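Notes follow once the structure below has been shown.
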Amino acid sequence: MNNRKNVSRRQFLATSVAGTAAVSMGLSAVEGAAAETKHQFKLKYAPHFGMFKNHAGEDLIDQIKFMAEVGFTAMEDNGMKGRTVDMQEKIAAEMERLGMTMGVFVAHKIYWSEPNLTSGDPDMRQEFLTHIKESVDVAKRVNAKWMTVVPGHVDLRLEPDYQTSNVIEALKYASEILEPHGLVMVLEPLNFYNHPGLFLKKIPQAYQICKAVDSPSCKILNDIYHQQISEGNLIPNIDAAWDEIAYFQMGDNPGRKEPTTGEINYRNIFKHIHDKGFTGVLGMEHGNSKPGLEGESAVIAAYATCDDF
């Protein structure tokens, strides 16, 4: 690492401390944001609401402004679908004004402890498709392209291959709804430790399903945190499934906090994703390792560090 980069990082950390002090002295969220260095990130890292509330306050629009002030060019919100239409429109307008990209929101009710899509139950499938139709309207309202889909719990009464067929069939119907609008559902494999019993666990499994669905509206959400637990071999699995990956999320392991707090070499992963020409969003789906203003500044510094390649 050259001296210029070392100086740049020291300046960033110094201004982060200044930002903390500024807000502590009672400056507004925007003034406090200005005290943080604005970083020119190479990738579209997407914070979520609440991640910087100590700097920006509880107001969602102020939080978006803060994200942009420190250099983030995207934002994701799992709970977007549950917000009022008025708030969705305000969020979209502010992000458009700031030139920010909207990341994922959760498209449907997720069944954490009972089978739905795996079972082949027609009522469960219809409920899922109804939620997908509703999510088309939300996506258009907030300028989103991607929405998260989790196929739900395993069906212990069915052989795995039957369950896979049931999931594929449901996703084909959903793709028919999404394709005319240019929207993409991204399937998220979740690790067995935090989410025992869920059907979709690994990237190769998601890859097989996406190939079978064979639609531009059915792709993979590769959450690096989950896959470090479930399978490891992160960069080779990224390469093997590359043509079906449309979205990434992050969190270090153990702890699911910001990069640099665990065992995952995020600088190498980000460089690899960047070098492959990825232009989509990388969701910061993790907590902060430290509380308060200090913890929020640490998150920003962590991404500055890992984006420095």
Flag if THR118 is modelled with pLDDT of 95 or more, surrounded by fewer than 20 Cβ atoms within 10 Å (Cβ to Cβ), outside any loop (DSSP other than H, G, I, E, B) and of a type in the set (S, T, N, Q): no
Any hit, the stretch 265-279, residues being part of a loop (DSSP other than H, G, I, E, B) and aliphatic (A, V, I, L, M): no
Residue, surrounded by the fewest Cβ atoms within 10 Å (Cβ to Cβ), within the stretch 170-204, restricted to residues that are among the polar types (S, T, N, Q) and within 20 Å of the chain's Cα centre (by Cα): ASN194
Failed item in (1) assigned to a helix (DSSP H, G or I); (2) in contact with a strand residue (DSSP E or B) (Cβ under 6 Å, 6 or more places away or on another chain), with ILE177 passing the rest: (2)
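Residue by residue, here is whether (1) under 15 Å from PHE278 (Cα atoms); (2) modelled with pLDDT of 95 or more; (3) outside any strand (DSSP E or B); (4) not aliphatic (A, V, I, L, M) holds:
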| residue | (1), (2), (3), (4) |
| --- | --- |
| GLN205 | no, yes, yes, yes |
| SER215 | no, yes, yes, yes |
| LEU221 | yes, yes, no, no |
| GLN228 | no, yes, yes, yes |
| ILE235 | yes, yes, yes, no |
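For (1) within 16 Å of ILE209 (Cβ to Cβ); (2) within 21 Å of the chain's Cα centre (by Cα); (3) not in a helix (DSSP H, G or I), each residue gets a yes or a no:
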{"site": "SER113", "(1), (2), (3)": "no, no, yes"}
{"site": "ARG141", "(1), (2), (3)": "no, yes, no"}
{"site": "MET147", "(1), (2), (3)": "no, yes, yes"}
{"site": "ASP155", "(1), (2), (3)": "yes, no, yes"}
Breaking point among (1) in contact with a helix residue (DSSP H, G or I) (Cβ under 8 Å, 6 or more places away or on another chain); (2) of a type in the set (Phe, Trp, Tyr); (3) surrounded by fewer than 16 Cβ atoms within 10 Å (Cβ to Cβ), for TYR266: (3)
Options THR130, THR118; residue that is hydroxyl-bearing (Ser, Thr, Tyr) and under 22 Å from ASN222 (Cβ atoms): THR118
Subset of the stretch 237-262 (residues that are assigned to a helix (DSSP H, G or I) and surrounded by fewer than 18 Cβ atoms within 10 Å (Cβ to Cβ)): ASP239, ALA240, TRP242, ASP243
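Can you go through VAL149, VAL167, VAL136, VAL142 and tell me which one is at pLDDT 95 or above, of a type outside the set (Ser, Thr, Tyr) and surrounded by fewer than 19 Cβ atoms within 10 Å (Cβ to Cβ)? Even if it seems obvious, please write down each step before you answer.
Details: VAL149 fails: surrounded by fewer than 19 Cβ atoms within 10 Å (Cβ to Cβ); VAL167 fails: surrounded by fewer than 19 Cβ atoms within 10 Å (Cβ to Cβ); VAL142 fails: surrounded by fewer than 19 Cβ atoms within 10 Å (Cβ to Cβ).
Checking each option against the conditions leaves just VAL136.
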Some residue of the stretch 72-83 being at pLDDT 95 or above, under 17 Å from SER217 (Cβ atoms) and not aliphatic (A, V, I, L, M): no
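The values are calculated or read from the model by the stated rules, or taken from the named source; none is laboratory data. None of these values were measured; they are calculated from a predicted model. Reconstructed Cβ throughout: ideal geometry from the backbone, glycine too, with neighbour counts over all protein chains shown.
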